Amino acid sequence: MDMDLSLVIMAAGLGSRFGGTKQLVEVGPNGEAFLDFAIQDGRAAGCSQVVLIIRTDIEDDVRAHLERQYDSLDGFVLVRQDDLGPHRDKPWGTAHAVLSAAAVVPGSFIVVNADDYYGPTSFQLAADALAGGDDSVAALVAFQLSKTLPLEGAVSRGVCAVDGGELQSITETHGIARSDDGQIRSEDPAGDHADDTMVSMNMFGFPQSLFPHLQAQWESFYDEFGGEPKTEYLLPDVVDRLRASGELSVVVPVSHEEWIGVTNPNDLEPARAKLAHR
C-alpha cells in the first residue's frame with residue numbers, strides 16, 4: 001500500500017449537546033484542543049499531512065487556533081464540508097465529511113473526530129494496520145467499553161462483533177451507562193455488556209480506494225434521503241456495507257488507551273484533569 005499517510009480530522013459538527021464549538025474548547029495544559037493531541041499523535045505515527053474538515057462559519061476560529069498553537073501551517077489543509085453541497089443546516093454526516101476531502105488526500109489516511117482523545121498508541125495501531133494491508137483492507141481501532149464511559153450520563157457507542165481479528169458487524173447501541181450495581185447496560189438495544197466489550201469511537205484507517213465507494217453510496221443516500229433535514233450519511237454504515245459485500249475487509253486492532261471526550265459541559269473539567277500530564 002502507498003503509505004503517503006494523511007490524518008483526516010472531522011471538525012464540522014455542531015456540538016449541540018455541548019452547547020458551543022466543542023472542536024476548539026481548551027482541554028490541555030497549554031491551551032490545546034482535542035484535535036491538537038490528535039495532530040501530535042498522528043504525526044508521531046507517520047502522518048505527513050493534516051486535513052481538517054470544518055464548516056465555513058468556524059473557519060476563521062479554526063485558523064486562529066492553529067496559528068496560536070503551531071509555528072507553521074505547512075502540512076495543514078482545511079476543507080469546508082459545506083462546499084460539498086447541497087446546503088443543509090445540519091451537516092450531512094461523517095461519511096459525507098470524509099468524501100469532502102477526497103481531492104486533497106493522495107494516499108491512505110487515518111480518520112478521527114476532532115472532539116475525542118484517542119491516545120498515541122491508537123494512532124500507531126491504525127498506521128500499522130494500513131501498512132500491513134492492501135487497498136482492500138481498512139482498520140477500525142476499537143476501544144474497551146469501560147474506558148469510553150463518561151462519569152455521568154448515558155452515551156451511544158458502536159458495539160463491534162469481531163472474529164479472528166476482523167470486523168463482523170457494528171451495532172449502534174444507545175443509552176449505555178454503568179448501573180448502580182456496577183453492570184454496564186444499554187437501553188436500545190437493551191442488554192448487559194462486559195467491561196471489555198469492543199466499541200468503535202469513529203477512529204478508522206482507510207486506503208485511498210475508499211473514495212469511489214463513498215461517492216457511489218452518497219449518490220444513493222441523497223436520492224433516498226436528500227429531502228430530510230437530519231438523516232445522516234454515516235461512516236460506520238458505509239464501512240459495514242462494504243464489509244458485508246466483500247469489497248472491504250476491516251481489521252480491528254484493540255487500543256488499551258482511555259478515551260476522553262466531552263459530550264456535555266460537565267465532562268470538561270474531568271477531561272482537563274486527565275490531560276494535564278500531556
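The values are calculated or read from the model by the stated rules, or taken from the named source; none is laboratory data. Everything numeric in this text was worked out from a predicted model, so none of it was measured. When we count neighbours, we look across all protein chains shown, and the Cβ atoms used for this are built from the backbone with ideal geometry, even at glycine.
Brief remarks on what is shown
- Strands (runs of 3 or more DSSP E) contained entirely in the stretch 1-120, each with at least 3 residues that are modelled with pLDDT of 95 or more and under 15 Å from the mean Cα position of the chain (by Cα): 6-10, 49-54, 109-113
- Residues that are touching a strand residue (DSSP E or B) at 6+ places or on another chain (Cβ under 6 Å) and farther than 30 Å from Ser169 by Cβ, drawn from the stretch 252-270: none
- Listed conditions (1) within 19 Å of Glu257 (Cβ to Cβ); (2) modelled with pLDDT under 95 are all met by Glu152, apart from (1).
- Pairs with Cβ under 9 Å, 6+ apart, first in the stretch 256-278 and touching a residue at least 12 places away in the same chain (Cβ under 8 Å) and more than 20 Å from Val141 (Cβ to Cβ), second among the acidic types (Asp, Glu) and surrounded by fewer than 13 Cβ atoms within 10 Å (Cβ to Cβ): Asn264/Glu152; Asn266/Glu152; Asp267/Glu152
- Met198 being under 13 Å from Ala139 (Cα atoms) and in contact with a strand residue (DSSP E or B) (Cβ under 6 Å, 6 or more places away or on another chain): no
- Residue in the stretch 214-236 that is modelled with the lowest pLDDT, counting only those that are under 24 Å from Phe123 (Cα atoms) and outside any loop (DSSP other than H, G, I, E, B): Pro236
- Test for Ala131: is it at pLDDT 95 or above and either surrounded by fewer than 23 Cβ atoms within 10 Å (Cβ to Cβ) or of a type outside the set (S, T, N, Q) (or both): no
- Candidate set: the stretch 237-278, residues that are in a helix (DSSP H, G or I) and of a type in the set (D, E, K, R); chosen: the one nearest to Ser122 (Cα to Cα): Lys274
- Identity of the residue in the stretch 248-273, at pLDDT below 95 and of a type in the set (Asp, Glu), that ends up surrounded by the most Cβ atoms within 10 Å (Cβ to Cβ): Asp267
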